[in-house]
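One structure is given below, encoded as structure tokens.
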Amino acid sequence: MSLRVAVVGGGPAGSSAAEVLARSGIETFLFERKLDNAKPCGGAIPLCMVSEFDLPPEIIDRKVRKMKMISPSNYEVDISLENEDEYIGMCRREILDAFLRNRAHEKGAELINGKVMHLEIPKNGRDPYILHYNDFSDGSKQGLPRSLAVDVVIGADGFHSKVAEAIDAGDYNYALAFQERIKIPDDKMAYYEDRAEMYVGDDVSTDFYAWVFPKSNHVAVGTGTMKVNQANIQKLQAGIRARAAERIRGGQVIKVEAHPIPEHPRPRRVVGRAALVGDAAGYVTKSSGEGIYFAAKSGRMCAETLVEVSNQGTRIPSENDLKLYLKRWDRQYGMTYKVLDILQRVFYRSNATREAFVEMCADKDVQKMTFDSYLYKTVVPMNPWVQLKVTVKTLGSLIRGNALAP
């Protein structure tokens, strides 16, 4: 037999999964409703993603080597990467997503411009899943109703996942990311040539942070919060615009974007022969809010596992077979999510703890540990004496800011 797999969602998670499957000779169908879609997000990617996913230079708008951390009291800490070969990549999602999706198509995945409306679940381990979808390839607004039978489904369809809904994957808490793309004068854009900014404080986010990230010819100015209501978002966005006012003065808003992002993995990520990856699975980290790399990585890891357990697409895998992907994922990244969750709980809970957080970031050892873990997704154990020094400095910062008070 020849395995047939539907990948629902053509973002980094779905495209990365589809590429692996297609390269392995498995019949792959990649669904994406909006081929020019741009998911609202900061657009920062770690250096390791550039090499791991073989991204060409034109995908990267800016190579950020300087990060300015700004506390609630406007105390600033400048962090710079000393190695010229290291950088945080800033990209526009419409460019990155299209590249990954088109590459998967070039490797053999059938790209379907369609929206999955309903997933029909089989009653046993052999019968196919039936995807009912609207096909928009004719250019119409309504689309043509069609259906497709497949053996395995990978849900990469984001926060509002139809696949997650169909397999009763359970809910998760979520935050809302809101940003404005602002075209600023050239002299002010020069300041952001290789610099990004991160602001913390109750005025810009009560439980997260706000940002100014450079793009090709504009900056993305935004905030995130779990307290999701229109009045609160507008208030926080006004806060980051006020804090960054001098640096973005004279700018014009060219686009406004908002999107929910998960705060933790769903209770069930593999049910039957359906697996979830990316935002659909809930793979966005606390503290940093990073999701692009983990989306692409989860899609690739899920697909690699599927290729393996299906014997290169010659047998239908079971639920237990597919759960090998979860075991591998949790083993590799589970601790990362737990640590970042703790950091967010400790340092984002008040302005006092945020002051301590920014002060701590002035330490060179903290900077190196933070950048190494972000750029390469590996944590190199510190020298015990350095670890002790960092711990003492962290406690000192918390005590000076009265951040340990209940």
**Item:** Test set (1) farther than 22 Å from PHE357 by Cβ; (2) of a type outside the set (Val, Ile, Thr); (3) touching a Ser or Thr at 6+ places or on another chain (Cβ under 9 Å); (4) in a strand (DSSP E or B) - ALA175 fails condition number
**Value:** (1)
**Asked** Quick one: ALA231 ticks every box in (1) outside the structural domain of PHE178 (by TED's automatic domain parsing); (2) modelled with pLDDT under 95 bar one, so which box is it?
**Response** (1)
**Item:** Verdict on GLU355 being part of a helix (DSSP H, G or I), acidic (Asp, Glu) and free of Cβ contacts under 8 Å to residues at least 24 places away in the same chain
**Value:** no
**Item:** Evaluation of LEU81 against (1) buried (at least 20 other Cβ atoms within 10 Å of the Cβ); (2) assigned by TED's automatic domain parsing to the domain that holds ALA274 (one fails), failing number
**Value:** (2)
**Any chance CYS41 is touching a His at 6+ places or on another chain (Cβ under 8 Å) and under 29 Å from PHE159 (Cβ atoms)** = yes
**Message:** Just the residues that are in contact with a Pro (Cβ under 9 Å, 6 or more places away or on another chain), surrounded by 22 or more Cβ atoms within 10 Å (Cβ to Cβ) and modelled with pLDDT of 95 or more, please, taken from segment 165-182.
**Reply:** ALA169
**Prompt:** From the list ASP127, ASP157, which one is touching a helix residue (DSSP H, G or I) at 6+ places or on another chain (Cβ under 8 Å), more than 22 Å from SER24 (Cα to Cα) and assigned to a loop (DSSP other than H, G, I, E, B)?
**Reply:** ASP157
**Message:** Which of the numbered conditions does ARG146 fail, given that it passes all the others? Conditions: (1) outside any loop (DSSP other than H, G, I, E, B); (2) among the charged types (D, E, K, R); (3) touching a strand residue (DSSP E or B) at 6+ places or on another chain (Cβ under 8 Å); (4) assigned by TED's automatic domain parsing to the domain that holds LYS68.
**Reply:** (4)
**Message:** Can you tell me which residue is modelled with the lowest pLDDT among those in segment 103-151 that are surrounded by fewer than 17 Cβ atoms within 10 Å (Cβ to Cβ) and within 30 Å of ASP54 (Cβ to Cβ)?
**Reply:** SER137
**Request:** Quickly run through segment 252-278 and pick out the residues that are within 13 Å of the chain's Cα centre (by Cα) and modelled with pLDDT of 95 or more.
**Result:** VAL277, GLY278
**Asked** Does at least one position in segment 308-316 carry a residue that is modelled with pLDDT of 95 or more, assigned to a helix (DSSP H, G or I), buried (at least 17 other Cβ atoms within 10 Å of the Cβ) and out of contact with any helix residue (DSSP H, G or I) (no Cβ under 7 Å at 6 or more places or on another chain)?
**Response** no
**Complete:** Residue set LEU30, LEU47, LEU55, LEU3; condition under 15 Å from the mean Cα position of the chain (by Cα) and surrounded by 16 or more Cβ atoms within 10 Å (Cβ to Cβ); output residue LEU47
**Total residues in segment 250-289, condition surrounded by fewer than 22 Cβ atoms within 10 Å (Cβ to Cβ) and out of contact with any helix residue (DSSP H, G or I) (no Cβ under 8 Å at 6 or more places or on another chain)** = 12
**Asked** Taking segment 357-377 as the search range and keeping residues that are farther than 15 Å from GLU76 by Cβ and among the aliphatic types (A, V, I, L, M), which one is nearest to the chain's Cα centre (by Cα)?
**Response** LEU375
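Mind listing just one residue for me: the one in segment 342-357 that is within 17 Å of GLY289 (Cβ to Cβ) and modelled with pLDDT of 85 or more and, of those, surrounded by the fewest Cβ atoms within 10 Å (Cβ to Cβ)?
We begin by selecting, within segment 342-357, every residue within 17 Å of GLY289 (Cβ to Cβ); these are 342-349, 354, 357.
Pick out the ones that are also modelled with pLDDT of 85 or more and you get 348-349, 354, 357.
Values: TYR348: 18, ARG349: 13, ARG354: 26, PHE357: 24.
Selected residue: ARG349.
Listed here are the residues, each with its yes/no results for (1) out of contact with any Leu (no Cβ under 9 Å at 6 or more places or on another chain); (2) free of Cβ contacts under 8 Å to residues at least 60 places away in the same chain; (3) farther than 21 Å from GLY289 by Cα; (4) surrounded by 19 or more Cβ atoms within 10 Å (Cβ to Cβ).
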{"position": "ILE184", "(1), (2), (3), (4)": "yes, no, yes, yes"}
{"position": "TYR191", "(1), (2), (3), (4)": "yes, yes, yes, no"}
{"position": "VAL212", "(1), (2), (3), (4)": "yes, yes, no, yes"}
{"position": "MET226", "(1), (2), (3), (4)": "no, yes, no, no"}
{"position": "ALA244", "(1), (2), (3), (4)": "yes, yes, no, yes"}
{"position": "ILE248", "(1), (2), (3), (4)": "yes, no, yes, yes"}
**Asked** ARG331 passes all but one of (1) crowded, with 20+ Cβ neighbours inside 10 Å; (2) assigned by TED's automatic domain parsing to the domain that holds SER161; which number fails?
**Response** (1)
**Message:** If a residue counts only when it is in contact with a Ser or Thr (Cβ under 9 Å, 6 or more places away or on another chain), which strands (runs of 3 or more DSSP E) contained entirely in segment 1-111 have at least 3 such residues?
**Reply:** 4-8
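The values are calculated or read from the model by the stated rules, or taken from the named source; none is laboratory data. Model, not experiment: these values are computed from the prediction. Here the Cβ is made from the backbone with ideal geometry for all residues, glycine too, and neighbour counts use every protein chain on show.
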